[in-house]
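Note sheet for the following structure.
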């Protein structure tokens, strides 16, 4: 890690970045200045106590979606609104090989988890939404694994890698809710049993829209281990 930090520092000197938002020069090893980074909008209470969906002007503490169709996970929380700067940053991180954003986004994830009511002290396992081998080779890395690995290290929680993806799916963000459910159905499998020591597992993803992906992943995990408590954390969430 120290070697990577030194490389980042050298690159920022030799090839200075310019902020993707304001255009100003920045010494950060990624194209976003600190001032614009502070404009990223946090998701704040009130929100659904189950799925974390923001509730505006509502006296209820559970959203209509969770009342109508309760999700299989215990709780889902998200750190930031998936719009503006952070939406562009995540897109560059995932699809333009801008790995320099990993350190920045990992720090945002840790900050959000610490502010949330996720029972971090109860967790004894963390996992992530996987990619197929084809997508992983094409992209070069799995951004959700990056987040999960850092969270595992920060909070000293075991990293579980047994959740796998068995089929290619279309990007969920471009699909309707009905299409997302069909697209992600039966997409995951378990390659190694969840350890007996893991009873409270946290799933990590980058974006929560309808929750179809994390719900399907949760169902796969619960089919492998009955009585497992599954929690979800996503870096961002669409709120429309």
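Annotations for the structure displayed:
- Filter pass, residue 76 being touching a strand residue (DSSP E or B) at 6+ places or on another chain (Cβ under 8 Å), at pLDDT 95 or above and either surrounded by fewer than 19 Cβ atoms within 10 Å (Cβ to Cβ) or farther than 24 Å from residue 186 by Cβ (or both): no
- Subset of region 50-71 that is surrounded by fewer than 18 Cβ atoms within 10 Å (Cβ to Cβ) and in contact with a strand residue (DSSP E or B) (Cβ under 8 Å, 6 or more places away or on another chain) - its residue that is nearest to residue 236 (Cα to Cα): 54
- Condition check for residue 149: farther than 23 Å from residue 238 by Cα and touching a strand residue (DSSP E or B) at 6+ places or on another chain (Cβ under 8 Å): yes
- Tabulated pairs, region 211-238, first at positive phi, second buried (at least 17 other Cβ atoms within 10 Å of the Cβ), C-beta under 7 angstrom, 6+ apart or interchain: 211/51; 211/71; 211/76
- Residue under evaluation residue 30, criteria (1) touching a strand residue (DSSP E or B) at 6+ places or on another chain (Cβ under 6 Å); (2) at pLDDT below 90, criterion not met: (1)
- For the condition modelled with pLDDT under 95 and surrounded by fewer than 21 Cβ atoms within 10 Å (Cβ to Cβ), residue 149 does not qualify.
- Residue among 118, 86, 113, 90 that alone is assigned to a loop (DSSP other than H, G, I, E, B) and within 15 Å of the chain's Cα centre (by Cα): 118
- Only one entry in 144, 169, 134 is at pLDDT below 95 and surrounded by 15 or more Cβ atoms within 10 Å (Cβ to Cβ), namely 169.
- Residues that are under 30 Å from residue 223 (Cα atoms) and modelled with pLDDT under 95, drawn from region 79-105: 94
The values are calculated or read from the model by the stated rules, or taken from the named source; none is laboratory data. Owing to the predicted nature of the structure, the values given are computational and were not obtained by experimental measurement. Counting neighbours? That spans all protein chains shown, and the Cβs are built from the backbone with ideal geometry, glycine included.
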